[in-house]
Amino acid sequence: MPVKLRDFPRTHFNMPGNAACPGCPETMGLRYVKMALGDKAVLVIPAGCSSVIQGISPKSGINFPILNIVFAAAASAAAGMKAGFEMLGRDDVQVVVWAGDGGTADIGLQAMSGAAERGDDIIYICVDNEAYMNTGIQRSGATPYGAWTTTTWTGKKEHKKNVPFIMIAHDVPYVATASVGYPQDFIEKLRKAATVKGFKYIHLHAPCPVGWRFDPGLTPEIAQLAVKTGMWPLFEYHNGKLKISSFSRLYRVKEKRVPLKEYLKLQGRFRHLKDSDVKILEEYIDRLWAWLDLLEKAPNPSGTARDLLGK
Amino acid sequence: MLLTWFQRGDDGMVVKTLTGNKAVAHAVKAARVKVVAAYPITPQTTIVETLADMIEHGEMNAKMIRVESEHSALAATLGAAAAGARSFTATSSHGLLLMHEVVWWTAGARIPVVMSVVTRAIGPPWNIHVDHNDIWDQRDSGWIISIAENNQEVFDLTLQAFRISEDPRVYLPMIVGLDGFILSHTVAPVDIPDQEKIDQWLPPRRQPYVITPESGVVMGNLAADEDYYMMRYSIQTAMVEAKKVISEVDDEYGEVFGRKYGGLVECFHCDGSKYNIVIAGSWSGDAKEAVLKLRDEGYSVGVLRVRYFRPWPDEEIRRLLSTSKGVLFIDRSISFGGKGHLLTEAMTNLAESTNLPAVRGVIAGLGGVDVGADEFYELTKSFIDEVEENGPFYDPLYWHIPQVYRGKYPERLPGYGKFSYERR
Ligand SMILES: Cc1ncc(C[n+]2csc(CCOP(=O)(O)OP(=O)(O)O)c2C)c(N)n1
Ligand code: SF4
């Protein structure tokens, strides 16, 4: 059932002392997580902007119980917490990892892969601002081609690592992409994930005004443009079946997509791009959709491999 | 079947013949640990294997997380413990180094967990044999660090570790060290007390906080530098408190189960002896054998066995060694560019004494090089004879060259040098 904005709880999710920059997509995302999961969740947060956004102890600027943890170990710490709760008879607790793209695509990938393969019953959210923002905008595996960062001064030479596909290849029961530009969609996916047993992965696109060099008032608009240009397709992979989400469906058709330049021109990190670079990114988009198309059409009648084990 | 034979003692106590690693597993089971997360590495592997076996066959009610690395092993152990479950991990050498970041994080979080460290050399070159550089490498991290001499002590220390680390005066994680192969893979009789008695003695889990959805607890976000500083200070105070708790627990355990070791150190004929060996781990047994022989020959000599490296036994060293005429340190580790670890630590205590004894620091047994009782006998005898003949000296870095290399190198490898001095 689609979520309606008016149904959202009115609790304060961001408390005084929240140390995020203006227009911060991570704060927006955290608010939606609280809206979706309510008071049954504990967060595990590795190093990244969200370690700082919490503000200074002994208080916290986000209204969540949190285990902060070292950069590479979020998924494992969460797996441990879940096991602890299970052994103590508390099956109702949602253990949620909230990790950046660096903490997910790069340094934390091994731990996440382990947890996914074991089928640990956690929700893993990658909040993807497409670089290491906390340490001052360095490239990550999830930085797109061409983007300026402080370790790619002339633009990144490689394409973005496709972590959702990597997670689909793990054959976990639930993988989804989401965007801070579409809160209803994100919340709906979170609520669905909460009903699924096993490892759930949600990759949240999170445009960062500081690192991407845009006006802090534009975060939602840029997030939506990423979807409308086809750069960030929203989809859901549940029990072996891939479905393009409603907000992205229109952009399956290349001609309906907003021209990529509309997205790029608002961001300082792409200012230096030549037409040939834009073309490379456009080809990346086509390829991404071709791949999605294959996955969507691929008949997979038996759910996940895990189902074959009778789990 | 996990063991070769066992028999039942008088009071429900079971005597089993166990390797050190199986002794660990039995203690973990006896402590009713709820979550185990560990990764295989020689010589620790049989701990994970045995616990997996116990859990899978319903002998132990716990969840095993078969993690993909040691970094994850300790992170998962910490996660489970933060959720309120008694949890355990074990590793060696490279595994311990890989998890080093989480070692610090766990102590800083003040969450009690217990970890076995089966001591092993660090590569390159690859070497799976006993060495203390891996365990002492955790020295500064805020963990309580103990090391056993034999398999019985391995069992007892592991069980006690839960009691000590979960004491509200302490709330720090604890390492129990056991020497690779020499203990981990060698069988010896181990008394396992009656489970009912253990349950009475070991209280239910206590910890400073639990992170539940209702708790509102946030662990580890940024802190003001001053708060950070004071939190560091509180770890140090907890370490000081731990000294009391360790000796209380040792006493109580002795009363209830009949085995008492002496707290932070074991003093084997050391009190009042003119000469003493300072040593830690399994080869202390060989040093004791050498000492008994020397005592038969009329030498006044004893062994001070370090059972706890953290908290460091300051008072014990000061009290027991300040009247010594000479102290021989045997280190199975080296801080490159510095000296052996036991010597380095203990010298700060001897410096407090008005009566500086003659000192020799021996580096021996790295990478599992065997050093037997006969060699301890020679090392000790020649040290004593040298002091008696020439008066006191400070000789902190004496490389005990392996047998096969003797004659190929000068008898004294150039090290730190040897300095004679007038007794203060
Ligand atoms: C082991 C380790 N290496 C490096 C760091 C430094 N560090 C802290 S946060 C961070 C980048 C975080 O990037 P990301 O995961 O993308 O999160 P963001 O800050 O963008 O939210 C780095 C490199 C660290 N904390 N730990
Ligand atoms: S750098 Fe970006 S992601 Fe980080 S706190 Fe600022 S706005 Fe948020």
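The values are calculated or read from the model by the stated rules, or taken from the named source; none is laboratory data. Given the structure is predicted, the values throughout are model-derived calculations rather than measurements. Heads up, the Cβs are rebuilt from the backbone with ideal geometry, glycines too, and the neighbour counts pull from every protein chain shown. All accessible areas refer to the heavy atoms of the entire protein, side chains included, with ligands and DNA or RNA removed. Shrake-Rupley method; radii C 1.70, N 1.55, O 1.52, S 1.80 Å.
Can B:Gly368 be described as closer than 25 Å to B:Ala121 by Cβ, of a type outside the set (Phe, Trp, Tyr) and over 19 Å from the mean Cα position of the chain (by Cα)?
So B:Gly368 fails the test.
Within 10 Å of ligand 1 (Cβ to nearest atom), crowded, with 22+ Cβ neighbours inside 10 Å and either within 19 Å of the chain's Cα centre (by Cα) or within 28 Å of A:Arg139 (Cα to Cα) (or both): does that describe A:Ala72?
yes
Quick check on region A:75-84. Is at least one of its residues facing chain B (nearest Cβ under 7 Å), without any contact (Cβ under 8 Å) to a residue 60 or more places away in the chain and surrounded by fewer than 24 Cβ atoms within 10 Å (Cβ to Cβ)?
No, because not a single residue in region A:75-84 is facing chain B (nearest Cβ under 7 Å), without any contact (Cβ under 8 Å) to a residue 60 or more places away in the chain and surrounded by fewer than 24 Cβ atoms within 10 Å (Cβ to Cβ).
I need the strands (runs of 3 or more DSSP E) fully contained in region B:47-123, keeping only those with at least 1 residues that are more than 15 Å from A:Asn68 (Cα to Cα) and touching a residue at least 60 places away in the same chain (Cβ under 8 Å).
On the way: elements: B:63-65, B:87-91, B:114-119.
Per the criteria, B:87-91, B:114-119.
Does region A:52-67 include one or more residues that are surrounded by fewer than 19 Cβ atoms within 10 Å (Cβ to Cβ), of a type in the set (Lys, Arg), in contact with a strand residue (DSSP E or B) (Cβ under 7 Å, 6 or more places away or on another chain) and modelled with pLDDT under 95?
No, there is no match, as no residue in region A:52-67 is surrounded by fewer than 19 Cβ atoms within 10 Å (Cβ to Cβ), of a type in the set (Lys, Arg), in contact with a strand residue (DSSP E or B) (Cβ under 7 Å, 6 or more places away or on another chain) and modelled with pLDDT under 95.
Identify all residues within region B:124-174 that are hydroxyl-bearing (Ser, Thr, Tyr), assigned to a loop (DSSP other than H, G, I, E, B) and touching a residue at least 60 places away in the same chain (Cβ under 8 Å); write none if there are none.
Within region B:124-174, B:Tyr171 is the sole residue that qualifies.
Just checking, does region A:140-154 include any residue being within 14 Å of chain B (Cβ to nearest Cβ) and within 16 Å of ligand 1 (Cβ to nearest atom)? Spell out the reasoning first.
Step one: of region A:140-154, the residues within 14 Å of chain B (Cβ to nearest Cβ) are none.
No, every residue in region A:140-154 fails to be within 14 Å of chain B (Cβ to nearest Cβ) and within 16 Å of ligand 1 (Cβ to nearest atom).
Mind checking whether some residue in region A:97-106 is charged (D, E, K, R), at pLDDT 95 or above and within 15 Å of ligand 2 (Cβ to nearest atom)?
So far as region A:97-106 goes, yes, one or more of its residues are charged (D, E, K, R), at pLDDT 95 or above and within 15 Å of ligand 2 (Cβ to nearest atom).
Suppose we keep only residues that are touching a residue at least 40 places away in the same chain (Cβ under 8 Å) and open to solvent by 40 Å² or more (accessible area, probe 1.4 Å) within region A:19-46. Which one would you say is farthest from ligand 1 (Cβ to nearest atom)?
A:Lys40
With respect to the numbered conditions (1) touching a residue at least 40 places away in the same chain (Cβ under 8 Å); (2) surrounded by 15 or more Cβ atoms within 10 Å (Cβ to Cβ); (3) within 11 Å of another protein chain (Cβ to nearest Cβ), which one is the sole condition not fulfilled by B:Met231?
B:Met231 satisfies every listed condition except (2).
Kindly state which helices (runs of 4 or more DSSP H) lie completely within region A:136-217 and contain at least 3 residues that are open to solvent by 20 Å² or more (accessible area, probe 1.4 Å), more than 21 Å from A:Phe247 (Cβ to Cβ) and away from ligand 2 (no atom under 15 Å from the Cβ).
Answer list for region A:136-217: none.
What is the residue count in region A:122-135 for residues that are away from ligand 2 (no atom under 16 Å from the Cβ) and surrounded by fewer than 22 Cβ atoms within 10 Å (Cβ to Cβ)?
Of the residues in region A:122-135, 0 are away from ligand 2 (no atom under 16 Å from the Cβ) and surrounded by fewer than 22 Cβ atoms within 10 Å (Cβ to Cβ).
So A:Ala116 fits all but one of (1) more than 8 Å from chain B (Cβ to nearest Cβ); (2) surrounded by fewer than 20 Cβ atoms within 10 Å (Cβ to Cβ); what number is the exception?
It fails just one condition, (2).
Is it the case that A:Gln110 is open to solvent by 10 Å² or more (accessible area, probe 1.4 Å), among the polar types (S, T, N, Q) and away from every other protein chain (no Cβ under 11 Å)?
It is false that A:Gln110 is open to solvent by 10 Å² or more (accessible area, probe 1.4 Å), among the polar types (S, T, N, Q) and away from every other protein chain (no Cβ under 11 Å).
For the condition touching a Ser or Thr at 6+ places or on another chain (Cβ under 8 Å) and in contact (Cβ under 8 Å) with a residue 12 or more places away in the chain, what is the one hit in B:Phe376, B:Phe329, B:Phe383, B:Phe309?
Working: B:Phe376 fails: touching a Ser or Thr at 6+ places or on another chain (Cβ under 8 Å); B:Phe329 fails: touching a Ser or Thr at 6+ places or on another chain (Cβ under 8 Å); B:Phe383 fails: touching a Ser or Thr at 6+ places or on another chain (Cβ under 8 Å).
Going through B:Phe376, B:Phe329, B:Phe383, B:Phe309 in turn, just one is touching a Ser or Thr at 6+ places or on another chain (Cβ under 8 Å) and in contact (Cβ under 8 Å) with a residue 12 or more places away in the chain: B:Phe309.
Rundown of residues vs (1) under 21 Å from A:Ile69 (Cβ atoms); (2) touching a residue at least 40 places away in the same chain (Cβ under 8 Å), yes/no style:
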residue: A:Gly100; (1), (2): yes, yes
residue: A:Gln110; (1), (2): yes, no
residue: A:Ala115; (1), (2): yes, yes
residue: A:Glu130; (1), (2): no, yes
residue: A:Thr149; (1), (2): no, yes
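Identify all residues within region B:356-387 that are out of contact with any strand residue (DSSP E or B) (no Cβ under 7 Å at 6 or more places or on another chain), assigned to a helix (DSSP H, G or I) and open to solvent by less than 10 Å² (accessible area, probe 1.4 Å); write none if there are none.
If the condition is that a residue be out of contact with any strand residue (DSSP E or B) (no Cβ under 7 Å at 6 or more places or on another chain), assigned to a helix (DSSP H, G or I) and open to solvent by less than 10 Å² (accessible area, probe 1.4 Å), then B:Phe376 is the only one that fits.
Check region B:356-364 and report whether any residue there is more than 23 Å from B:Arg412 (Cβ to Cβ) and not hydroxyl-bearing (Ser, Thr, Tyr).
No, every residue in region B:356-364 fails to be more than 23 Å from B:Arg412 (Cβ to Cβ) and not hydroxyl-bearing (Ser, Thr, Tyr).
How many of the residues in region B:300-313 are over 16 Å from the mean Cα position of the chain (by Cα) and under 18 Å from B:Lys244 (Cβ atoms)?
0
For the list (1) assigned to a helix (DSSP H, G or I); (2) away from ligand 2 (no atom under 13 Å from the Cβ), I need the number of the one condition that A:Pro233 fails.
Result: A:Pro233 passes all but (1).
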